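Heads up, the thing below is written out as structure tokens.
Please treat every number below as a calculation from the coordinates, not as lab data. These figures come from a predicted structure and were not determined experimentally. Cβ placement follows ideal geometry from the backbone for every residue including glycine, while neighbour counts extend to all protein chains displayed.
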Amino acid sequence: MTDVKIRGVDKDIITRLDVMAKKLGFKSRQKFLQSILIRIALEEVQFESDIKYQQLIRQMLEAIKLNTSMLAENNELFNELLQREAKNE
């Protein structure tokens, strides 16, 4: 692994990071910051997945709308057939 150093970080920020790390159960600030960096690096992949998911949802909604429309049309036709049969009896 490669080291990453960040200079000039305010002591108050370091203290806050230490508190957050401890509160979240990390054994060290380093492990906490590593987890954050990994999450940031992988966020782009998650973003792409979110976009694909949204597209899939839109496609599913369009299919549902089309199915609903076809069901309503079939229902009307079925009712017309029932009415014709009732008249013929």
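Ordered by the number of other Cβ atoms lying within 10 Å of each residue's own Cβ, fewest first, Thr2, Thr15 fall into the sequence Thr2, Thr15.
Panel order for Asp12, Asp18, Asp50, Asp3, by other beta carbons found within 10 Å of each beta carbon, from fewest to most: Asp3, Asp12, Asp50, Asp18. Applying both filters, DSSP loop and at most 11 other Cβ atoms within 10 Å, to the trypsin sites (Lys or Arg not before Pro) of segment 1-79 gives Lys5, Arg7, Lys27.
The gain in end-to-end length when the Asn88 to Met20 segment is fully stretched comes to 16.6 nm, 0.36 nm per residue minus the alpha carbon separation. Think of the chain as having a plus end and a minus end, set by charges on the Cβ of Lys, Arg, Asp and Glu; of Gln55, Ala86, Thr15, Thr15 sits farthest toward the positive end of this dipole.
Kindly state, to the nearest 0.05, the FRET efficiency for Ser28 paired with Glu48, given R0 = 22 Å and r defined as their beta-carbon distance. Computed FRET efficiency for Ser28 and Glu48: 0.10.
Out of Glu62, Glu48, Glu73, any idea which swings most in a Gaussian network model of the chain, alpha carbons joined below 10 Å? In the Gaussian network model the winner is Glu73.
Among all the lysines, which ones have a C-alpha under 28 Å from Lys65's C-alpha, if same-chain residues fewer than 8 places away are not counted? Filter leaves Lys52. Please work out which option in [x] 1.36; [y] 2.45; [z] 2.05 gives Cα Rg over 2.2 N^0.38 Å calculated from these coordinates, and answer with its label. Evaluating Cα Rg over 2.2 N^0.38 Å on these atoms matches [y].
Partners of Lys27 within straight-line reach, counting lysines whose Cα lies under 23 Å from its Cα and excluding those fewer than 8 residues away in the same chain: Lys5, Lys11. Under the convention that each Lys and Arg Cβ holds +1 and each Asp and Glu Cβ holds -1, the size of the dipole of segment 9-89 around its Cα centre is about 940 debye. Against the chain, whose longest principal axis comes from its Cα atoms, helix 29-88 is set at around 10 degrees.
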